[in-house]
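Values in this text are rule-based calculations from the coordinates and carry no lab data. Source: prediction; values computed, not measured. Note: ideal-geometry Cβ built from the backbone for every residue, glycine included; neighbour counts use all protein chains shown.
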Amino acid sequence: ADEREQEVAELTRLAEERERGLDELKREAEDSKRSAEEQHMLAVEEHKREAEVQKQAATSEKSELAEQLATSKAEAAALQETLAEKAAQIEELTAQAAEQSARVADLQAQSKAEAAALQETL
C-alpha cells in the first residue's frame with residue numbers, strides 16, 4: 001500500500017508538473033499571439049503613415065506642377081506680348097522705309113527734272 005501511495009504521489013506530482021508545463025506553454029502561446037498582434041498593428045500603422053507621406057508628396061508635387069504650369073503660361077503670355085510688340089515695330093519700320101523710298105524716288109525725279117532743265121538752259 002505504501003508503494004502504491006508513493007506511485008500515486010509520483011504520478012500526481014508528474015501530472016501537476018505536466019499541468020504547470022502546459023500552463024507555461026499556454027502563457028507563452030498567448031504572449032506570442034499578443035506580440036504578433038502588436039507587430040501586425042505596428043506594421044499596419046507604419047503602412048498607413050507611409051501611404052499618408054506618399055499622398056502628401058503627390059499632393060505637393062501636383063501643387064508644384066500646377067505652379068510651374070501657371071508660371072509657364074505667364075511666361076508664354078509675356079513672350080506673345082513681346083512678339084506682338086516686335087511685329088508692330090517691324091510694321092512701323094516697314095512703313096517708314098516705304099515712305100523714305102518714296103521720298104528718295106521723288107528726290108531722284110526732282111533731281112532729274114532739275115538736271116534736264118539745267119541742260120536746256122545751257
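Partner lysines whose Cα lies under 30 Å from the Cα of K73, excluding those fewer than 8 positions away in the same chain, are identified as K55, K62, K86.
Between the residues S32, Q54, A115, the greatest Cα displacement towards the positive end of the dipole of the chain, with unit charges on the Cβ of Lys, Arg, Asp and Glu, is found for A115.
Gyration tensor analysis over the Cα atoms of the chain returns equivalent ellipsoid semi-axes of 115, 9, 4 Å (largest first, whole Å). Using the Cα gyration tensor of the range 6-59, with a ≥ b ≥ c the square roots of its eigenvalues, what is the shape: rounded (a/c below 1.5), prolate (a/b larger than b/c) or oblate (neither)? It is prolate, given that a/c is not under 1.5 and a/b is the larger ratio. Projecting the Cα atoms of L65, A9, A76 onto the charge dipole of the chain (Cβ charges, centred on the Cα centre) puts A76 farthest toward the positive pole.
Rounded to the nearest 20, the size of the Cβ-charge dipole of the chain about its Cα centre is 1080 debye, with Lys and Arg at +1 and Asp and Glu at -1. I'd like the distance between the alpha-carbon centres of the range 47-64 and the range 6-21, rounded to an integer number of Å. Cα centres, the range 47-64 to the range 6-21: 62 Å.
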